[in-house]
C-alpha cells in the first residue's frame, strides 16, 4: 500500500517519505480499514518532530484519526462489520499503522460506526479533538444545566467542546482572538463569544456566569489568573494543551478559589473512558449535534506540508485525502 512514514524523528520535510510499504492484515480482535481521509492534529507533528518521546518500530505511519470502510476483520470479530463506514481513533498510539496510508489496522473498538448522515470528512475530524473535549467536559461529572467556559472556541477541541456541551445541556461561553474565530465559535453554538483582547472581556464572562462549573483551558500559563477569577469551589479548570512555558501556580489564589485543576492527555485516559467517549460522540453525530470546521485538504503525497500547516497554527481542520 502507499503510505507516509518516517524512520526517525525530525523536521517534516526531512524525515517523512511517501512510498509503498506492506499492507497490514488484522490480527485477533482487530479490523482493517480502507481509509478515505486522515485527520492531522498538533500531537502528530509533535510526535514526529521529537518534541514528545516515542519509540519507532522500524517505521512509523503517522496520524491517529481517520475515516473509511472496514474491508477485513480478524479472528473473533463479527464478519458483518465488513463494509461498515467508520471513524478511527488513536490508530498510531503504540502501533505502527497510523492513518496516513491507504489502510490501517486497529482494535475493533477503535473503528466506530459513522452514522449515515455524517460525512467521511467529519469522521476524520473527530478522534483526538472530540475525545479530548468529551473527557475535559465530563471527567468531573455531567454538565447538564451547568456553565462551561471554553478557551479557544475556534480550535478543533474548542469547537467540539462547544457542540458537545450544548448537546449535553450546558450553557457555554467561549473566548477567541478575532472576528473570523468569533464567527466559527458562534456557528458552533456558543451562547456567548468574547474576544479576550477586547476591553471588558473578563467582565463579560463574569456577567454570563460566576463561578463557572467547568473551564476548558488551552493555554494555562497565559490564562490562569482569569480562570481563577472565574472559578469557585465547584469549578474544574481542565488543561489539555501544553503551550509555551510551564505556569507558576499562585498558591494562595488557587487555595482561595477552592477549585480543582485537572490535566487531560488522551494517551493516559482509562480505556473504558475512551470507549465511553467514542460512543457518546457517535450518539451526538447521530443527533446531528456535531459539525465540520472549515477544511484544508492535502494529498497523501503532501503529508509533510499538511503537518507543517498544522504546526503553523492553521484555523480549521487539516485532512489528507487518501482515496
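The values are calculated or read from the model by the stated rules, or taken from the named source; none is laboratory data. Quantities reported herein were computed from a predicted structural model and do not represent experimental measurements. Heads up, the Cβs are rebuilt from the backbone with ideal geometry, glycines too, and the neighbour counts pull from every protein chain shown.
Hey, residue 273 hits all of (1) in the same structural domain as residue 173 (by TED's automatic domain parsing); (2) out of contact with any strand residue (DSSP E or B) (no Cβ under 6 Å at 6 or more places or on another chain) but one; which does it fall short on?
Failing condition for residue 273: (1).
Which residues, taken from the range 291-308, are under 16 Å from residue 45 (Cβ atoms), within 18 Å of the chain's Cα centre (by Cα) and touching a residue at least 60 places away in the same chain (Cβ under 8 Å)?
Hits for the range 291-308 are 306, 307, 308.
Is it fair to say residue 182 is assigned by TED's automatic domain parsing to the domain that holds residue 243, assigned to a helix (DSSP H, G or I) and buried (at least 19 other Cβ atoms within 10 Å of the Cβ)?
So residue 182 passes the test.
Which ones in the range 185-205 are outside any loop (DSSP other than H, G, I, E, B) and in contact (Cβ under 8 Å) with a residue 60 or more places away in the chain?
Hit for the range 185-205 is 187, nothing else.
I'm trying to understand the selection: among the residues of the range 1-36, which are in a loop (DSSP other than H, G, I, E, B) and farther than 18 Å from residue 68 by Cα?
Within the range 1-36, 7, 8, 9, 10, 11, 16, 21, 22, 27, 28, 29 qualify.
Only one of 283, 288 is in a loop (DSSP other than H, G, I, E, B), surrounded by fewer than 16 Cβ atoms within 10 Å (Cβ to Cβ) and either modelled with pLDDT of 95 or more or assigned by TED's automatic domain parsing to the domain that holds residue 189 (or both). Can you tell me which?
288
Within the range 216-246, which residues are surrounded by 17 or more Cβ atoms within 10 Å (Cβ to Cβ), free of Cβ contacts under 8 Å to residues at least 40 places away in the same chain and over 23 Å from the mean Cα position of the chain (by Cα)?
Answer for the range 216-246, where residues must be surrounded by 17 or more Cβ atoms within 10 Å (Cβ to Cβ), free of Cβ contacts under 8 Å to residues at least 40 places away in the same chain and over 23 Å from the mean Cα position of the chain (by Cα): 226, 228, 231.
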